[in-house]
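Written out below as structure tokens is the structure these notes cover.
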Amino acid sequence: MSDLKHLLKIILTLVVVTAVSAGLLAGANLLTAPIIARQQEEKYRAALQEYFPQAADYKRENLEGDAFDLVYDAAGGLLGVMASTAVQGYGGPISYNLAVDKEGRIVGLRIVEHSETQGVGDVIEKSQFQQQFIGKGYRDPLKPGEDVDTVSGATISTSSLIESIRSLLTVVAENFLQLEDEEAIDISAVPDGTYRGTGEGLFDKIVVDVTVAGGRITVIEIVEHSETPTYMAEAAALIPPQIIDQQSLDVDTKTGATGSSNGIVEAVRDALIRALNPEGGENNEE
Amino acid sequence: MKNSYLADITRGIFKENPTFRLVLGMCPTLAVTVLVKNGLGMGLAVVAVLTCSNIVISSLRRFIPEQVRIPCYIVIIATFVSIVEMVLQAFVPSLYAALGVFVPLIVVNCIILGRAEAFAGKQPVLRSLCDGIGSGLGFTLGLLLLSLVREVFGNGTLLAETNYAVQLFGPNFEPMRLLAQPAGAFLVLGLLLALTNIVFKRLQIE
């Protein structure tokens, strides 16, 4: 009997302690949550106003879990988009806002929250790092180490953020600004010759040789790839003939081997761009 | 009787200083002491939690059964830590951002559970209150010294990220970045421990 009593006392104590604790926490949350939310909202609005000084109104849209605010001026004209997303960094998620004007250029980058290493990965907070994104457009490669610099010692923090910004910029440009995905290439201006280009396949680089004769693409040869052989065979059978047939890179890549197909198109585009800018110094090998 | 309250406070600061004598709670000590602001903020957060949890645990010491005292202590401590976390986030967001994960980790700070188990669970409320303040201040003192050294030499500033920030050295000063890194925290802590050991030996404090 006394054992039972003792057991009851133990249970009762734990129940009371946890219940009181839960009550206190609920109370504290009730008091502080609105303040916290208001603060974050204020900071966000201040940043939005800074990036879009003429902003008068905005409309929120959600796409794949990310929030996109379409920013309008007083007359109702679209100024641009402020996007909020998060990417996995080195120490945890990095959540940030990206402000893009209606031409698809970055006008602002704001790190909201991150858990990167102090003194190392937290360079992503520094304006020196952030400034290099300003003015970059959705057509810019935004490749780590190429047109934006990673910070050595903080490679993971910086390159994951760069990758994420590039894909977010593309999402904004395609879905909210209705900008064309890629710049049209004037094939007739390409001098005769064979040009090598690389694209990003599903797994790794795809390297192609493109032969141009008389302003027309005549041969596309796949030199190197690491794709799954069966898929790559399908993509290689479908995509190059289409490009040669239509003399355009605007081909249907939804083949069942989309990743490899896109990689081939990208590689051909790369080859043509190199052909058009031979002294462009776009040598990203090694 | 007055003397014993005072002794409860000073014991935590000097003789049983959590950082330099007991070497407890090293995780936040090493991690957040990059800037004085962070060290001080962390120290004061611990003072608040430790004092509150000591008071509550001491006043409940007759009601909490022996077998479940640890879970009860943890729940009480975690409650205060969560409240402190929310208050920091609401009113000092920059400090909250700087301390990051180390605010919730106060829950498992050995000093707090240590004082609860060794002192507050056995002693009357007022003495536990004094002990909480004392140990908390001792911890704050440790963090303050550590962050002072690391900020001055590792960052070249004093009270950075506050309204009283001072740039200590000229523009050509190249700060010892190592001290701002985790490894630097160990080095500085080791040197400070050695120094306090010498001082305590000289003053013949046991």
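About the centre of its Cα atoms, chain A shows a dipole size close to 1520 debye [charges on the beta carbon of Lys, Arg (+1) and Asp, Glu (-1) only; nearest 20 debye].
The lysines whose alpha-carbon is closer than 24 Å to the alpha-carbon of A:LYS5, local same-chain residues fewer than 8 away aside, are B:LYS122. Remark: mean inter-chain Cβ contacts per residue of A:9-18 equal 5, using a 10 Å Cβ-Cβ cutoff to other protein chain atoms.
Decide, for the range A:133-200, between rounded, prolate and oblate: order the square roots of the alpha carbon gyration tensor eigenvalues as a ≥ b ≥ c, take rounded if a/c falls under 1.5, and otherwise choose prolate if a/b is larger than b/c, else oblate. All intermediate terms of the calculation are to be shown ahead of the outcome.
Values: a/c = 2.87, a/b = 1.40, b/c = 2.05.
It comes out oblate by the Cα gyration axes.
Here's the picture: charge each Lys and Arg Cβ at +1 and each Asp and Glu Cβ at -1 in the protein assembly as shown, and of A:SER127, A:LEU142, B:ILE77 the one pushed furthest to the positive end of that dipole is B:ILE77. Of the residues B:SER128, B:SER58, B:SER147, which exhibits the maximal mean-square fluctuation in a Gaussian network model of chain B defined by a 10 Å Cα contact cut-off? Fluctuation is largest for B:SER58. For chain A, modelled as a Gaussian network with Cα springs under 10 Å, which listed residue fluctuates most, A:TYR231, A:TYR51, A:TYR96? Looking only at A:TYR231, A:TYR51, A:TYR96, the biggest GNM fluctuation is shown by A:TYR231.
Rounded to the nearest 500, the helix-only mean residue ellipticity at 222 nm of the protein assembly as shown stands at -17000 deg cm²/dmol, with each DSSP H run of n ≥ 4 adding -39,500 (n - 2.57).
Is the range B:128-180 best put as rounded, prolate or oblate by its Cα gyration tensor, with a ≥ b ≥ c the root eigenvalues, rounded for a/c under 1.5, and otherwise prolate when a/b is larger than b/c, oblate when not? Prolate shape, in that a/c is at least 1.5 and a/b is the bigger ratio. Largest first, the three principal axis extents of the alpha carbons in the range A:187-276 are 34, 21, 15 Å in whole numbers. A quarter of the convex hull surface defined by the alpha-carbon atoms of the protein assembly as shown gives 34.4 nm² as the mean projection. All C-alpha to C-alpha distances of the range B:97-206, sorted into 10 Å bins beginning at zero, yield P(r) values of 12, 30, 34, 19, 5, 1 percent in whole numbers.
Send over the semi-axes of chain B's equivalent ellipsoid, whole angstrom and largest first, taken as the square roots of 5 times the C-alpha gyration tensor eigenvalues.
For chain B, the ellipsoid semi-axes come out as 31, 21, 14 Å.
Within the listed set B:GLY39, B:GLY184, B:GLY136, the Gaussian network model of chain B (springs between alpha-carbon atoms below 10 Å) gives the highest mean-square fluctuation for B:GLY184.
Quick note: the coordinates plus some simple rules give every number you see, no bench work behind them. From a predicted model like this one, the values you see are computed outputs, not experimental measurements. Ideal geometry is used to build each Cβ from the backbone, glycine not excepted, and the neighbour counts take in all protein chains shown.
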